[in-house]
1. Which whole-Hz ³J(HN,Hα) couplings does the range 75-91 yield from phi under the Karplus relation 6.51 cos²θ - 1.76 cosθ + 1.60, θ = phi - 60°, glycine and proline marked x?
2. Counting other beta carbons within 10 Å of each Cβ, put Trp101, Trp108, Trp30, Trp40 in order, fewest first.
3. Using every Cα-Cα pair within the chain, state what percent have a distance larger than 23 Å.
4. Tell me which residues come under 5 Å, amide H to amide H, from Leu44 once H is placed; ignore anything under 5 positions away on its chain.
5. Cα axis of helix 114-128 to longest principal axis of the chain: angle in degrees, 0 to 90, nearest 10?
6. Taking the mean number of other Cβ atoms within 10 Å as a proxy for protection, how do you rank 47-60, 115-128 from highest to lowest?
7. With 10 angstrom as the radius, rank Leu166, Leu44 by how many other C-beta atoms surround their C-beta, starting from the fewest.
8. Could you pull out every residue, at least 5 positions away or on a different chain, whose amide H is within less than 5 Å of the one on Ser98? Hs are placed 1.01 Å off N in the peptide plane, and Pro or chain starts have none.
Amino acid sequence: MNPLLAFYRGTGADHRGRRVDEILARDDDWLEHTHDFIQWLFPLREPSGVNPFAPLVDDEVRDAFDADPELRARLLASLDRMLAFYGLARSADGIVKSPDWPERKLDWFLADTHNDLRITRILKSLAILGLREYAERLLGCLETLRVAEPDCGIGATAFGYWRDALRRPPPERK
């Protein structure tokens, strides 16, 4: 079985032997200081520049996520964990600030950090793996926060990358 699909089905582990549920159960401090898990939770088609062991999304993986609601549900669980890390949460209205927002924003929202790259990855991965709607909700939340929060330290460059992450690529040539 494809290692990424095994990881997301809970039958396999990442390159360090960690299972998806173990990663999702880690505390915020671990998530902040560990840099090689995000590529497994939110895989992309292109190789990671920081994690040579990161799995890649190919057509098999994309098709499996398209066909299997359980895989998409686990991807949503990954999104929920990272949203909690950022002080955000899914709601009926989209993605909103959680009660932890004042504390959690200190690690990422007040200045450019490595979390900007993580957010770009999350947006791209959600869109690739069939959860584009949630990627768009996250982007909408980030844009709202940028305007509404006076202490926003995220630069225009990061927001540009986030918007670009959801631009649809041109159709493939045959």
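Every number here is computed from the coordinates shown, using simple stated rules; none is lab data. Since this is a predicted model, take the numbers as computed values, not measurements. Neighbour counts run over all protein chains shown; Cβ positions are idealised from the backbone, glycine included.
1. 5, 5, 4, 5, 4, 4, 5, 6, 4, 4, 4, 7, x, 10, 7, 6, 9
2. If I rank by nearby Cβ atoms, fewest first, I get Trp30, Trp101, Trp108, Trp40.
3. Value for the chain: 38 percent of Cα pairs lie more than 23 Å apart.
4. Here the answer is Val57, since their amide H atoms fall under 5 Å of that of Leu44.
5. On a 0 to 90 degree scale, this one is about 50.
6. The densest-packed peptide leads the list: 115-128, 47-60.
7. With the fewest neighbours first, Leu166, Leu44 line up as Leu166, Leu44.
8. Under 5 Å from the amide H of Ser98 lie the amide H atoms of Leu88, Ala89, each far enough along the sequence or on another chain.
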